[in-house]
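Structure, as structure tokens:
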């Protein structure tokens, strides 16, 4: 009966986080005790055990396995894709998941909000895949979604601000507190700073701007914001991006950028379209240019292939 | 629908999916743009996917991280030669001293840590901190130690935290690390932790007192009082006779700060040195007392010598019979100030008129049902004021708006209003059974009361939810009346509905109504070691105002769109 105790001991708050920031995260943090909460630490220092996420349903899958039935939903927000699983061990959510799946199959598209627990998978070569285990979920209207976008923009800005402070502060709890980093971010920021290489917080500012515009009801695309290519900081971590900037430090061509992004990010399943586009936009290329370049690399040059819809890999290595 | 607006995108979709209906595709783009707030260029891939034959887009299998680390969870697993150990512990104490290490004066930390900090039996070990990690080893914090080693001396094992060790704080402790110094610190700093301190302070009050030994073996003479500086004031307890009087300025060296309930107190013992101090610029007793007036918001369980100005909301006399058969009266009522509301209990015969303003002195604070309440004993502690110390407060609508993050980290509060998003509607919401034994209202589990065993039980309505700000969260308890009012149905109607159509429809309706929505709740907050609970006296689901929220975010962070 412990689960029905009216007060949950040390319940973890539901962090508001965009798909992009969570997907970039590669630092799982697990306590040693059996009941210790596990966390995923993002580059902006969010220590995520539980998150509140939202987005339009973009794929739905039902699976059968030895342990029972499970569901997978992809939700897209303005920054990327949230991957959500309804596990076999969460049968209370199955009737709802079943209905969502059926609606999706019928061609219905709608916005969902999910309270999810972080989960991740580390490949042998150190790649980290992140997703969520749904705890609560529901369909929401676009008004609530817009509120979530604005709230999550706020939370992201707070982390960007903390990150900027952390860059110049003494790298210790006391140093971070002294620099005015909010208490709930101190620990995650320390872990983040020790694990991730420095990066320009600009990449996440883009998410914020897109979300705020969407929340205000302005549908605008933000591309090609920085004419100067920003060196380094690939979206895909772990493997050092040797190829992103050529030897002499000058920016490489768009084709080379796409190819090296795929080379650096492919862990077997290829690299997804959004990640490539995003990487190109980080380096100052417009979405249009990037899409054209991907098309020509695929069709004309044959250097990359779309082996599965939306997923690309190199044809020659 | 604006014709042709999405022509380019529709064409692209048709390239991928030749059999799709262009009108349907355009409609879908319009939906993505207006409903899902996704511009057509970004929606392209999703729309293509939608019009393709449903097929599996299998992701990689995802499972729990398989990171292996050299870790133990209990001290008993450690041998005397273990190095590079990782363990999670509760810090029970942190003391420090200066020690000569290879000709250099260094600060060494030492104290006790306990294993198995989250649950179960704990074992206590000594530790030494050679790595100057005082900041991260605050008493009561739970930390993960990595790269620490075991030290055995005279058959007793202890933990060495070295300079290369890593300390990660998992749960925040309280207080500030103690610094072994005779340099005076402010009362505010001294009040934060439990450590040895030196302060320079003005004596605000001093009176002899007695402590009765619990075992009946007599009493101890002590001196109690209060000292303060410009940063605040703190009570003191001296175990030896003192030669100080009210208004004296003194330096108190080597005193121990201890906490009684939530209130810090300076303990003066044999090793404490008290000497007169001279500083003409030091604030006078009156100045400090003026500053140290409390507000309801700042009351904490266990506080003494509280001085506070209040307005009386109501006042009642209650008589009761003591265990010895003696008849006694106690007076109590609701009081308020601009920061909140609480109860005031007076053991002296004082009759107060609702609406009048009072000033009380030397009051103590006692928690009742988690909320701090004021208690006075003598009639001279309450003074009726001629002039109102603050502007009018509408008692029927006096809710002090407070951030959820503030409520979850401070003391318990009454009369607060806060908001957050509902992230869980718990399955034990709805109709419940309560114990019918007198004075017991416990919720029955499987027909059993935790106190009285199997009882009949009477039906009641309540909602249990979790309210969350993204930084902090609290349990939200909505009892019968506010639940009826927010649902818009009476208890009888709800009971009847559940009886005829079952619990499931009611539960999904609750989820529909609350989950994911922002709510504003008026009520009280109760903080204890299990977390924060908010008891709602009223609850409303807030209107959705995305534009307002977005605009306030833009203003807060100075975003240029």
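Numbers below:
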item	result
Per-region count, region B:347-393, residues in contact with a helix residue (DSSP H, G or I) (Cβ under 9 Å, 6 or more places away or on another chain), assigned to a strand (DSSP E or B) and under 27 Å from residue B:522 (Cα atoms)	2
Residue within region B:448-467 that is touching a residue at least 40 places away in the same chain (Cβ under 8 Å), closer than 18 Å to residue A:136 by Cα and out of contact with any helix residue (DSSP H, G or I) (no Cβ under 8 Å at 6 or more places or on another chain) present	yes
Any chance residue B:252 is at pLDDT 90 or above and either assigned to a loop (DSSP other than H, G, I, E, B) or closer than 30 Å to residue B:116 by Cα (or both)	no
One residue from B:547, B:541, B:519 being under 22 Å from residue B:422 (Cβ atoms) and surrounded by 19 or more Cβ atoms within 10 Å (Cβ to Cβ)	B:519
Count of region A:177-188 residues which are assigned to a helix (DSSP H, G or I) and facing chain B (nearest Cβ under 10 Å)	6
Strands (runs of 3 or more DSSP E) wholly inside region B:149-245 containing at least 1 residues that are within 30 Å of residue B:80 (Cα to Cα)	B:156-161, B:166-171
Subset tally (residues that are out of contact with any helix residue (DSSP H, G or I) (no Cβ under 7 Å at 6 or more places or on another chain), loosely packed, with under 14 Cβ neighbours inside 10 Å and assigned to a loop (DSSP other than H, G, I, E, B)) for region A:90-116	2
Condition met for residue B:392 (at pLDDT below 85, farther than 22 Å from residue B:301 by Cβ and surrounded by fewer than 17 Cβ atoms within 10 Å (Cβ to Cβ))	yes
Neighbours by Cβ (under 8 Å, 6+ apart or cross-chain): first from region A:107-120, more than 7 Å from every other protein chain (Cβ to nearest Cβ) and within 15 Å of residue A:28 (Cβ to Cβ); second surrounded by fewer than 21 Cβ atoms within 10 Å (Cβ to Cβ) and modelled with pLDDT under 95	A:118/A:38
Condition check for residue B:87: touching a helix residue (DSSP H, G or I) at 6+ places or on another chain (Cβ under 8 Å), at pLDDT 80 or above, within 11 Å of chain A (Cβ to nearest Cβ) and in a strand (DSSP E or B)	yes
Output for region A:160-174, where each listed residue is more than 9 Å from every other protein chain (Cβ to nearest Cβ) and outside any loop (DSSP other than H, G, I, E, B)	A:162, A:163, A:164, A:165, A:166, A:167, A:168
Top-ranked residue in region A:107-123 [being modelled with pLDDT of 95 or more and over 21 Å from residue A:56 (Cβ atoms); ranked as nearest to the chain's Cα centre (by Cα)]	A:118
Residue match in region A:71-89 (condition: under 20 Å from the mean Cα position of the chain (by Cα), within 11 Å of chain B (Cβ to nearest Cβ), over 23 Å from residue B:47 (Cβ atoms) and in a strand (DSSP E or B))	yes
Subset tally (residues that are within 14 Å of chain A (Cβ to nearest Cβ) and surrounded by fewer than 23 Cβ atoms within 10 Å (Cβ to Cβ)) for region B:396-406	3
Enumeration of residues in region B:396-422 that are farther than 15 Å from residue B:538 by Cβ and either out of contact with any strand residue (DSSP E or B) (no Cβ under 6 Å at 6 or more places or on another chain) or outside any helix (DSSP H, G or I) (or both)	B:402, B:403, B:405, B:406, B:409, B:410, B:411, B:412, B:413, B:420, B:421, B:422
Residue among B:409, B:424, B:417 that alone is touching a residue at least 24 places away in the same chain (Cβ under 8 Å), out of contact with any helix residue (DSSP H, G or I) (no Cβ under 7 Å at 6 or more places or on another chain), more than 30 Å from residue B:505 (Cα to Cα) and within 14 Å of chain A (Cβ to nearest Cβ)	B:409
Region B:147-163, residues that are crowded, with 17+ Cβ neighbours inside 10 Å, within 18 Å of residue B:94 (Cβ to Cβ) and within 14 Å of another protein chain (Cβ to nearest Cβ)	B:148
Residue list for region A:296-317, restricted to those being within 14 Å of chain B (Cβ to nearest Cβ), modelled with pLDDT of 75 or more, out of contact with any helix residue (DSSP H, G or I) (no Cβ under 7 Å at 6 or more places or on another chain) and surrounded by 13 or more Cβ atoms within 10 Å (Cβ to Cβ)	A:298, A:311
Matching residues, region B:120-135, being on the phi < 0 side of the Ramachandran plot and either modelled with pLDDT of 85 or more or assigned to a loop (DSSP other than H, G, I, E, B) (or both)	B:121, B:122, B:123, B:124, B:125, B:126, B:127, B:128, B:129, B:130, B:131, B:133
For residue A:243: the one exception among (1) modelled with pLDDT under 80; (2) under 29 Å from residue A:195 (Cα atoms); (3) away from chain B (no Cβ under 14 Å); (4) assigned to a helix (DSSP H, G or I)	(4)
Lone qualifier among B:425, B:375 - being within 30 Å of residue B:539 (Cβ to Cβ) and within 25 Å of the chain's Cα centre (by Cα)	B:425
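Each row is one residue, and each column tells you yes or no for (1) within 24 Å of residue B:406 (Cβ to Cβ); (2) in contact (Cβ under 8 Å) with a residue 40 or more places away in the chain.
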| position | (1), (2) |
| --- | --- |
| A:173 | yes, no |
| A:183 | yes, no |
| A:186 | yes, no |
| A:189 | yes, yes |
| A:197 | no, no |
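Residue-wise test of (1) assigned to a helix (DSSP H, G or I); (2) closer than 19 Å to residue A:80 by Cα.
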{"position": "B:4", "(1), (2)": "no, no"}
{"position": "B:10", "(1), (2)": "yes, no"}
{"position": "B:18", "(1), (2)": "no, no"}
{"position": "B:27", "(1), (2)": "yes, no"}
{"position": "B:32", "(1), (2)": "yes, yes"}
{"position": "B:36", "(1), (2)": "no, yes"}
{"position": "B:41", "(1), (2)": "yes, yes"}
{"position": "B:47", "(1), (2)": "yes, yes"}
{"position": "B:50", "(1), (2)": "yes, yes"}
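Residue-wise test of (1) more than 10 Å from chain B (Cβ to nearest Cβ); (2) in a strand (DSSP E or B); (3) surrounded by fewer than 20 Cβ atoms within 10 Å (Cβ to Cβ); (4) over 14 Å from the mean Cα position of the chain (by Cα).
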position: A:21; (1), (2), (3), (4): yes, no, no, no
position: A:25; (1), (2), (3), (4): yes, no, no, no
position: A:36; (1), (2), (3), (4): no, no, yes, yes
position: A:44; (1), (2), (3), (4): yes, no, no, no
position: A:51; (1), (2), (3), (4): no, yes, no, no
position: A:55; (1), (2), (3), (4): no, yes, no, no
position: A:63; (1), (2), (3), (4): no, yes, yes, yes
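The values are calculated or read from the model by the stated rules, or taken from the named source; none is laboratory data. Worth saying up front: this structure is predicted, and the values here are computed from it rather than measured. Please note: Cβ atoms are built from the backbone with ideal geometry, for glycine as well, and neighbour counts cover all protein chains shown.
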